[in-house]
Structure formats: C-alpha cells, structure tokens
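Worksheet: one structure, shown below.
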Amino acid sequence: MKRIFLLLFAACWLMTLLFGGCAVTSKLERHQYTSVVAHTPRQMRERMKEQEREQDTTIYEMRGDSGSLFVANRRSMVIEDDGEAVALLRSREVSVIAKTRMLAERDGKIQIDFLITMPKELQGNVQSFVITPIMHRKEQNIELEPLQVRGGLFSKLQERNYWRYSKYQRRLVHRRKGNLSAADTLKLKEAFHRFVQFPYLDRSRFDSILDGKEKITYFYTQDVKVEEDDKRLYISLNGKVNALDGSSYDVPPNDTLQFNISSMLTFVLPITRYMTRIVEKFAVVNDRNYLTFKVNNAKIMDSLGNNAQNLAQIRELMHTLLYQHEFYVDSIVLTAASSPEGGFARNNRLARERAYALSTYLRQEFDFPELDTLLTVRWEGENWTDFKREVVRDDQIEHRDEILSLVKQIEDPDEREAAIRKEFGKDYRYIRDVIYPRLRVVDFKYNLRRVGMIKDTIHTTVVDTVYQRAVELLRKRHYEEASMLLMPYRDQNTAVALLSRGFNGAAREILFELPSSAQVEYLRAIVCSRLGEWKLGEQCFKKACELDDLLEYRANLDPEMSPYLHKQEKE
C-alpha cells in the first residue's frame, strides 16, 4: 500500500509541475491558516511550575473548556542541558487571556513563557511545519529555538536523502583513502544540495513526527538576560510549511505578545550625598554568610543547603577586595559562630573546627600568597550576642523580657539555655526553629587602607561622586559594580543592589539596621520571603501596606509576595 501511495503521490507531483495548481500548500494559501501565540494563563502557569518541581511529572494534557490539567507519564519529558523542563500540552481549546504580561526581573534576568498552538490544518503526512518564536527588543529581532512537526512520509524522505548522501560520502572517502582535497570538499557540498532537498534543522527545541492530526499546544519558556534600558519586549511567530511537491507556505503572523519588565529599581532612592565628612584612611567591609554543616561535622560541602551559592558569594567578594586598586587589604578576620542548643564545649569545638575548615578551603581556592598572613581565624562557641538582638526584634516571642533577663542573670551558657527551655517551652520551640538558624553564621571583616593617602583623615565638602556613580550603575542594572561601591554606605540603595544580586543574607542585615519606612518594610518582607522567614515577612508586609497602601498593588509584581497575598485572599 505504501508503494502504491508513493506512486500516486509522485503522479500528483508530476501533474503539479506540468499544469500548476493543486499544490499541497494551495489550500493553506486559500484559507490563510495561521498559528497562535498566547500568554500562559496565570493558574496554568503556577500549576505547571509546581508540577515541574516534582520528579515524576512531564506531560500535561488539557481537556474540555475548563482547561483542567492532569499528569501523564515521565518518559516524554524533555530536559534541556540547562536543566529546564519543557512540557508538551495537547489541547482542544486554548484561550488567550491577555496580550500583555508583567515579568519580575531578578539578578538581571527574566523568565518569559507563552503557549504556541500549532493547528492541525498546518500539519500533514507529506509536509513539514516549522514555527520559530521571534523576540523583539529595541532594534533587535532574535530567533529563539524553533518547533517542528514533520509528516511521516516527509520524515522518511529526509532519512532516505541523508542515507543517499552518506553513501556517496563514504564512497568518495574510500576512493581517496581518507585524504580529501579542497575539490573533494566542494563536491561533497554540491552533492549534499543535490541529494538533500529538505535538510534537518540545526537546532530545534521540539521535533515531532506526526502521529495523528490534532492541534498541539506547546508551553515555551526561556530565560532572558535583561539589558540596561529594557522596559518591555515582544514575542511573535514566524512559520513555514514545506511540502514534498516543492510547494511552500509562509504562515502569516498572528498575535504579538508584550512583556513588561518590573524590577526592584523602583525602590532606588534619588539621593545626592555630600562628603561633608571626614574621609578616613581606613575602612572596614563586613560580610555575613550562612553555611550548612552536617551534625557534629566541620566538613565544607557545597551540596548542602545553599552552600554552593554562599561559597560563591564569599569567593566573589574576597576576590574583588583582594584585587581592587582603591584600597589595600590590611587584614581579614573570619569568625564562625554556632547556635546555643547542645553543650557549650561541643559547640565551641565545632565553631573552631568549622572556622579553620573554611579558612583552609579559601586558601586552596585563591592563588594569593599573602592570604596566609592576612587571614585570621576566630570563633564564637555560642552566638548569644545575635541571640539577644534577634529576640528583641521578634514580636512573636511572648516572654521576650523574661528570656532576656534570664540571659543576663545566668552566666553558664548550658544552664542558661536549659532554663529558657524549661520555663518558656512554647517560646523556646519557636526560638529553636526560627531564631537559632540565624545564629549559625560566618562573618568576614575586611580591614582596608586607602591607597595613596598619608594622613589618617581628610576634611572635605564635595558631592560624593562615588555614590552618584554607584546609583547610576544600579539604575543601569550593573548590579555587581554598584553593590561593591555601595557597601560602605549600608543604606536602602545598597540593600536594593544586594537583593538584585541575590545576596539575601547581607541585604537582610542592612535592612534591619535602617529606620522603618514603607519601602524598607516592603524590602524586609521580600528578603524574609527569600530566606523562608514567613511570619516575620508577613509582619513587615502588613506594616508596609499600613504606611503606604499602594504597596499592596505593587506586591502583584513581585513573586516573593505571592504567599502573603494568597493568605490575605483566604482571610
């Protein structure tokens, strides 16, 4: 039957060449069939991202008008090299909810996602349908990875063409005994064009051999680096159908999607600083980090918790300070601290071992001979200093004053912790789960000396151009340079720069040092959400909205605020 069909198809092809008309794609031309691009509905997007986090999910299928989803099997999932999960949806109906969507920029990137519908009319056994998303930004038109649906006969013809070319290539290589001349290379190029009428795509995100004609809707997601002046970008589709009879059909453009970009730059304060102050010869940079260790273990493991990110941040800051030219680094003090649960002797030993383990790790990471003499290691067996500060700040602790009084009265740390646990059990459980993790810190203190400065102090009254430049860099999304220049100022703009880079621990320290304001409370809520401090973050968010009710509407633009908004909706 297949041979008879091929003969009939060859006859139709010949008739087309002789008399014109009746081309495979002529019907498409008459009806002007097109593909559809649409924003992903919010509920579907949240559900798909939730399912992508589960290990055994892959294909999502929509049935009926409700757009309800159910999970099929795992074998059909496509996992890209960067770990991105791409899901294929087969649907009867996809509704376009909106043409515009707001995306939150984080760490200089956004993630766009949209639905591409490939109607069954553009598919066929003897043709190939290729659709390419085009991203438009400023004056640039950037092609993203295409999608392709090939007909069964179309695919078989491609395979045969490549087989014929491969056969020709092997014979030529055999005759030349593997030594091909420039003329032979040209022959191979000409032979490829002669044998292969429809080449394979160089790259394709989705390539399917047609298995039953039906509408296919593909969930497309792509990480995009945000450039300096990006405020919005657009997505449109280019499509083309190629048929075995040589006819083709350029799919007319349909909708264009608009993505507006929301960043944290709206919280940058337009401050002009004046240097009506004393310029010190010496400066200090403090950096706080949270590392995770196994119980009773001091080994540095980047696979635990957020260690990989925190270690990268430690290395990055140290590298910047060691190799910058404005200051000399006189000394670096590394201090590790533990939380009070367990015996003091054990905690003191662990803090010491972990501090030395980290110093050894850093010495191995840097080819900087002076680091051995610059780096001093210290440890604090139990971090009661931060304990008192955190307890004072936290309104969730019912007996704050009594607990602080016990800390002051009882000198022995083991007796002190046992008394808190015995007398205030409910508060202790909260402190153990919420406060203690924030006490397991590694602090770095960089003592710097300004290059070329002889006197210890200089009195001057000028515009602080360093700060101005830092804010300008921040507005242009040069977050790394901006944050390094802003670190000595420890203000709201410093916190915005650190949050934009994902340096959440350092940003938290600065934000909780600043006077309360609507924007500061809002930023505190964001950083608490990132660090999993939900109760404290909820308090900060409520306070921000009380001070400025417009921030409640702003919260719809920030993904970190979703838990707080959902809770308000339930209430």
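What to note about this one:
- At least 2 residues being surrounded by fewer than 17 Cβ atoms within 10 Å (Cβ to Cβ) and modelled with pLDDT of 90 or more is the threshold, and among the helices (runs of 4 or more DSSP H) wholly inside region 511-571 those reaching it are 534-547.
- Residue 333 vs. criteria hydrophobic (A, V, I, L, M, F, W, C) and touching a Lys or Arg at 6+ places or on another chain (Cβ under 7 Å): yes
Residue by residue, here is whether (1) touching a Lys or Arg at 6+ places or on another chain (Cβ under 8 Å); (2) over 29 Å from residue 536 (Cβ atoms); (3) assigned to a helix (DSSP H, G or I); (4) not assigned by TED's automatic domain parsing to the domain that holds residue 293 holds:
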residue	(1), (2), (3), (4)
391	yes, no, yes, no
404	yes, no, yes, no
422	no, no, yes, no
428	yes, no, yes, no
433	no, no, yes, no
438	no, no, yes, no
447	no, yes, no, no
466	no, yes, yes, yes
471	no, no, yes, yes
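- From the list 489, 522, the one residue that fits, being closer than 24 Å to residue 306 by Cβ, in contact (Cβ under 8 Å) with a residue 24 or more places away in the chain and of a type in the set (Phe, Trp, Tyr), is 522.
- Qualifying residue in region 356-368 (condition: in contact with a Gly (Cβ under 6 Å, 6 or more places away or on another chain) and assigned by TED's automatic domain parsing to the domain that holds residue 445): no
- Residue under evaluation residue 452, criteria (1) assigned to a loop (DSSP other than H, G, I, E, B); (2) in contact (Cβ under 8 Å) with a residue 40 or more places away in the chain, criterion not met: (2)
- For region 313-329, a residue qualifies if it is over 14 Å from residue 444 (Cβ atoms) and not hydroxyl-bearing (Ser, Thr, Tyr), and the qualifying residues are 324, 325, 326, 327.
Residues are listed down the side, and each one gets a yes or a no for (1) surrounded by fewer than 18 Cβ atoms within 10 Å (Cβ to Cβ); (2) under 33 Å from the mean Cα position of the chain (by Cα):
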position: 326; (1), (2): yes, yes
position: 349; (1), (2): yes, no
position: 362; (1), (2): no, yes
position: 366; (1), (2): yes, yes
position: 378; (1), (2): yes, no
position: 401; (1), (2): yes, no
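- Filter result for residue 409 (under 30 Å from residue 325 (Cα atoms) and free of Cβ contacts under 8 Å to residues at least 12 places away in the same chain): no
- Within region 417-433, tally of residues that are surrounded by 11 or more Cβ atoms within 10 Å (Cβ to Cβ) and either at pLDDT below 90 or charged (D, E, K, R) (or both): 6
- The set of residues in region 476-498 being modelled with pLDDT under 90, part of a helix (DSSP H, G or I) and closer than 19 Å to residue 270 by Cβ consists of 479 alone.
- Taking the listed residues 502, 537, the one that is on the phi > 0 side of the Ramachandran plot and of a type outside the set (Lys, Arg) is 502, with no other qualifying.
- Considering (1) assigned to a helix (DSSP H, G or I); (2) buried (at least 16 other Cβ atoms within 10 Å of the Cβ), the lone condition that residue 149 does not fulfil carries the number (1).
- Screening 198, 192, 206 for residues that are among the aromatic types (Phe, Trp, Tyr), surrounded by 15 or more Cβ atoms within 10 Å (Cβ to Cβ) and free of Cβ contacts under 8 Å to residues at least 40 places away in the same chain leaves exactly one candidate, 192.
- Residue in region 255-282 that is surrounded by the most Cβ atoms within 10 Å (Cβ to Cβ), counting only those that are part of a loop (DSSP other than H, G, I, E, B) and touching a helix residue (DSSP H, G or I) at 6+ places or on another chain (Cβ under 6 Å): 268
Matching residues to (1) in a loop (DSSP other than H, G, I, E, B); (2) under 30 Å from residue 383 (Cβ atoms); (3) modelled with pLDDT under 85:
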| site | (1), (2), (3) |
| --- | --- |
| 193 | no, no, no |
| 200 | yes, no, no |
| 213 | yes, no, yes |
| 284 | no, yes, no |
| 291 | yes, yes, no |
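- One residue from 112, 134, 116 being in a strand (DSSP E or B), modelled with pLDDT of 80 or more and over 30 Å from residue 245 (Cα atoms): 112
- Qualifying residue in region 218-230 (condition: assigned to a loop (DSSP other than H, G, I, E, B), in contact (Cβ under 8 Å) with a residue 12 or more places away in the chain and of a type in the set (Val, Ile, Thr)): yes
- A search for C-beta distances below 9 Å between a residue of region 330-345 that is closer than 8 Å to residue 414 by Cα and surrounded by fewer than 14 Cβ atoms within 10 Å (Cβ to Cβ) and any residue that is modelled with pLDDT of 95 or more and of a type in the set (Val, Ile, Thr), counting only pairs 6+ apart in sequence or on different chains, returns nothing.
- Residues in region 154-179 that are touching a residue at least 24 places away in the same chain (Cβ under 8 Å) and not charged (D, E, K, R): 154, 155, 157, 158, 161, 162, 165, 168.
- Residue in region 120-131 that is surrounded by 12 or more Cβ atoms within 10 Å (Cβ to Cβ), under 21 Å from residue 39 (Cβ atoms) and aliphatic (A, V, I, L, M) present: yes
- Selection status of residue 542, basic (Lys, Arg) and free of Cβ contacts under 8 Å to residues at least 24 places away in the same chain: yes
- The one condition from (1) without any contact (Cβ under 8 Å) to a residue 60 or more places away in the chain; (2) not in a helix (DSSP H, G or I) that residue 396 does not meet is (1).
- Pairs with Cβ under 6 Å, 6+ apart, first in region 125-153 and outside the structural domain of residue 232 (by TED's automatic domain parsing), second among the small types (Gly, Ala, Ser): none
The values are calculated or read from the model by the stated rules, or taken from the named source; none is laboratory data. Everything numeric in this text was worked out from a predicted model, so none of it was measured. Positions of Cβ are backbone-derived with ideal geometry, glycine not excepted, and every protein chain shown enters the neighbour counts.
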